[in-house]
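What follows is a single structure, written as structure tokens, with notes after it.
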Amino acid sequence: MSLTTKLAEYVSFLEYEHLPEEVIEFTKLCILDWYGSAIAGKDEAPIQSIKELADEWGGREQASLITGGMSSIGNACLVNAAASHIVELDDIHKGSIIHAGTVVIPAAVAVAEAYNLSGKELITSIVAGYEVCYRIGEAVSPSHYYFWHNTATCGTFGSAAAVAKLLNLNVEQITHTLGSAGTQAAGLWEFIENGANSKQLHTAKAAFNGTFAAQLAKKNFTSARKILEGKRGFFNAMSDQYDTEKITNNLGKIFKILENSFKIHASCRHTHPAIDCVIEIMKENSISSQEINKISIKTYKTALEITDNPTPESLYAAKFSSQYCAALAAINGSASLLDFSEENLKSTEIRKLMKSISIEVDPSYENAYPEKWGASVEIELKNCNTFHKFTDYPKGDPERAANKEELIQKFKQMTANKLANPDEKVQAILQIEKIKIKSWLPILEGLPNFRG
């Protein structure tokens, strides 16, 4: 039996009744976190570009857009997935290096709304989607990640699995779903060189392509049966090293969604270990940024490959600059959504401190990656005093988990001035298993032009 078919069997046989209460409650927090990220990002210029294109394309009013109104399932996937990835506050999984929420959940929500499915069905599909993409991501990481954006490539399998579950496809059809997902999987890191909008295109297409694959399979559209391990399949084509055992190890016995991490800072996750250390050093020792002579960061190689940018020219690029994020954290004491402002981007104080920040690879952190995303920070003051902190787990990892109340507070911060009655929205999500999605969405959004 192929690895693809084994995953297909898992998706087919998973039922809501099989899910422990812990998994159900955790999945609802993932939905809450995704929704907050999408609301926070819906007005950003790249999202409006995608929304304008969706309007130009038109389509049957099947699913709600996070930007307001309704459109086709495909257009909803594009807009809602892009919106939830742009402010850099969406969830992340260490081992697979995937932001699953931003691709799996918008696809699942669009299909569940279009076909008036239940909250229980939505939760089950999301659990399946996370499981599939995390396992595939773990199998090819970290080598795949150098060129390929895992959320885009492996995430396509996750949205495909979630939608296949919602459409109640059989094992044969789910195998074809995953095959069609794999042949569409794409997303290159080259955009990082100039801070381009491609990262939002990646999540938009991952949600769309996975949904497209599942709906084609429902119409008995066929695909490669060994899209993962085949000689010209995903593993061989897109990774120098891969571990097939990651696909099936404890499959059906554990729930990978529980390994999910939630982001506290509004920047690339690779900047978070250093941000945590900087904030803790400054706070614990009552240090003023004016006292700092230099900051030294040691971490794993991928963090440098993605975030070693001493001169970011845009707010989005700043979120992928370890130097900027560390300086911002030292001066502001935080790196929240509000901290990433045009005023701070142009701040001479931040730019000056950035020049005194170095970042280098430490073999101990490199050897532990991607199971651990660690860093150490040393801050030397002008009086020659030095302070040191290290962490293997940034805040929000399961090992340093954000609790339910912290995630609700994060939701309120992300949606401040964008949603009326946020407490009502939180409660709607936390009770989603009790209702149909068409009943849930109007309560959740509450925007004047919602649903046309």
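The values are calculated or read from the model by the stated rules, or taken from the named source; none is laboratory data. All figures in this text were calculated on a predicted structure; none of them were measured in a lab. Here the Cβ is made from the backbone with ideal geometry for all residues, glycine too, and neighbour counts use every protein chain on show.
Of the residues making up the range 199-221, not a single one is surrounded by fewer than 24 Cβ atoms within 10 Å (Cβ to Cβ), at pLDDT 95 or above and hydroxyl-bearing (Ser, Thr, Tyr). Being at pLDDT 95 or above, polar (S, T, N, Q) and buried (at least 20 other Cβ atoms within 10 Å of the Cβ) is a condition met by no residue of the range 222-237.
Can you name the residue in the range 231-248 that is assigned to a loop (DSSP other than H, G, I, E, B) and either in contact (Cβ under 8 Å) with a residue 12 or more places away in the chain or of a type in the set (A, V, I, L, M) (or both) and, of all such residues, is farthest from GLU131 (Cα to Cα)?
Taking the range 231-248 and keeping what is assigned to a loop (DSSP other than H, G, I, E, B), we get 231-233, 239-244.
From what's left, either in contact (Cβ under 8 Å) with a residue 12 or more places away in the chain or of a type in the set (A, V, I, L, M) (or both): 233, 239-244.
On the way: GLY233: 20, SER239: 20, ASP240: 23, GLN241: 21, TYR242: 18, ASP243: 16, THR244: 15 Å.
Filtering first and then ranking leaves ASP240.
One residue alone among LEU345, LEU381, LEU304, LEU337 is touching a Pro at 6+ places or on another chain (Cβ under 8 Å) and either in the same structural domain as HIS149 (by TED's automatic domain parsing) or surrounded by fewer than 22 Cβ atoms within 10 Å (Cβ to Cβ) (or both), and that residue is LEU345. Given the condition free of Cβ contacts under 8 Å to residues at least 24 places away in the same chain, crowded, with 24+ Cβ neighbours inside 10 Å and part of a loop (DSSP other than H, G, I, E, B), answer yes or no: does some residue in the range 56-65 qualify? Scanning the range 56-65 turns up at least one residue that is free of Cβ contacts under 8 Å to residues at least 24 places away in the same chain, crowded, with 24+ Cβ neighbours inside 10 Å and part of a loop (DSSP other than H, G, I, E, B). Of all residues in the range 28-76, exactly one satisfies the criterion of being over 23 Å from ALA420 (Cα atoms) and among the basic types (Lys, Arg), namely ARG60. Scanning the range 92-129 for residues that are of a type outside the set (Val, Ile, Thr) and in contact with a Phe, Trp or Tyr (Cβ under 8 Å, 6 or more places away or on another chain) yields HIS93, LYS94, GLY95, SER96, ALA100, GLY101, PRO106, ALA107, GLY119, LYS120, GLU121, ALA128. Against the test of being in contact (Cβ under 8 Å) with a residue 12 or more places away in the chain and closer than 20 Å to SER96 by Cβ, the options GLU305, GLU313 yield a single qualifying residue, GLU305. Here SER37, SER49 are screened, and the one residue that is surrounded by fewer than 24 Cβ atoms within 10 Å (Cβ to Cβ) and in a helix (DSSP H, G or I) is SER49.
Residues in the range 381-398 that are closer than 22 Å to VAL361 by Cβ and either assigned to a loop (DSSP other than H, G, I, E, B) or out of contact with any strand residue (DSSP E or B) (no Cβ under 9 Å at 6 or more places or on another chain) (or both): 4 in all.
Could you tell me whether ARG135 is in the same structural domain as THR27 (by TED's automatic domain parsing), free of Cβ contacts under 8 Å to residues at least 40 places away in the same chain, closer than 22 Å to SER2 by Cβ and not aliphatic (A, V, I, L, M)? Spell out the reasoning first.
Numbers: in the same structural domain as THR27 (by TED's automatic domain parsing): yes; free of Cβ contacts under 8 Å to residues at least 40 places away in the same chain: no; closer than 22 Å to SER2 by Cβ: yes; not aliphatic (A, V, I, L, M): yes.
It is false that ARG135 is in the same structural domain as THR27 (by TED's automatic domain parsing), free of Cβ contacts under 8 Å to residues at least 40 places away in the same chain, closer than 22 Å to SER2 by Cβ and not aliphatic (A, V, I, L, M).
Scanning the range 322-344 for residues that are among the hydrophobic types (A, V, I, L, M, F, W, C) and over 24 Å from the mean Cα position of the chain (by Cα) turns up ALA327, ALA330, ILE331.
Hey, does the range 81-94 have a residue that's over 25 Å from GLU433 (Cβ atoms) and assigned to a helix (DSSP H, G or I)? Yes, that holds for at least one residue. Reported count of residues in the range 355-377, each being part of a strand (DSSP E or B) and either in contact with a Cys (Cβ under 9 Å, 6 or more places away or on another chain) or buried (at least 18 other Cβ atoms within 10 Å of the Cβ) (or both), is 5.
If you go through the range 197-213 one residue at a time, do you hit one that is under 17 Å from LEU14 (Cβ atoms) and under 20 Å from the mean Cα position of the chain (by Cα)? Full working, then the answer.
Step one: list which residues in the range 197-213 are under 17 Å from LEU14 (Cβ atoms), which gives 210.
Those left that are additionally under 20 Å from the mean Cα position of the chain (by Cα): 210.
Yes, there is a match, as at least one residue in the range 197-213 is under 17 Å from LEU14 (Cβ atoms) and under 20 Å from the mean Cα position of the chain (by Cα).
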